[in-house]
């Protein structure tokens, strides 16, 4: 059962203010957008579906080439709060719009492909998801970090991790929280343009279900 957040949730505010939209066309001004105190551009949303929104992290890891967040529209604090498989299947059969279980794997894979196909120097990426403060979760709304990584500088032609300089500290940087910096608006605009084009041609234009839902949220 979806729980309402005990306190105002920034991801819920974004989700309620951004309608489903064609990635190559930003929606016009609407009452939905005005619910959140930032313009649509400031959301840096690259994909908006019935169940999820994907957007650029406003404070990306400095070790990343691109840092994307995937968040469910419905409020769940932890992934363990997602509906059990049987309940999710029954809800989907009944026409429930909360499709977090069904859509998750496909969207994570899609965003990974988008990063690898949109940046020349990206072949590797992390998918990171934290549950609870002790695990590093800051916003109490389930979210996935998809983090594109530039290739480490190797000291030899071998691809073994043992050839990377100080591989233990590099692993610590990759898997730890790492340093962050504010997202540059100009860079964000360029990244959004590239990713939206990929997602349009490789997801949106083949997905009739999403297109028919525009304006219904």
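Structure notes:
- Taken over region 160-205, the criterion of being loosely packed, with under 10 Cβ neighbours inside 10 Å and modelled with pLDDT of 70 or more is satisfied by 181, 182, 186.
- Residues of region 104-132 that are in contact with a strand residue (DSSP E or B) (Cβ under 9 Å, 6 or more places away or on another chain) and part of a helix (DSSP H, G or I): 104, 107, 108, 110, 111, 112, 114, 115, 116, 118.
- Answer residue from region 132-147, given it is touching a helix residue (DSSP H, G or I) at 6+ places or on another chain (Cβ under 7 Å) and modelled with pLDDT of 95 or more and is nearest to residue 64 (Cα to Cα) among those: 146
The values are calculated or read from the model by the stated rules, or taken from the named source; none is laboratory data. Since the model is a prediction, treat every value here as computed from it, not as a measurement. No Cβ is skipped: glycine too gets one built from the backbone with ideal geometry, and neighbour counts run over all protein chains shown.
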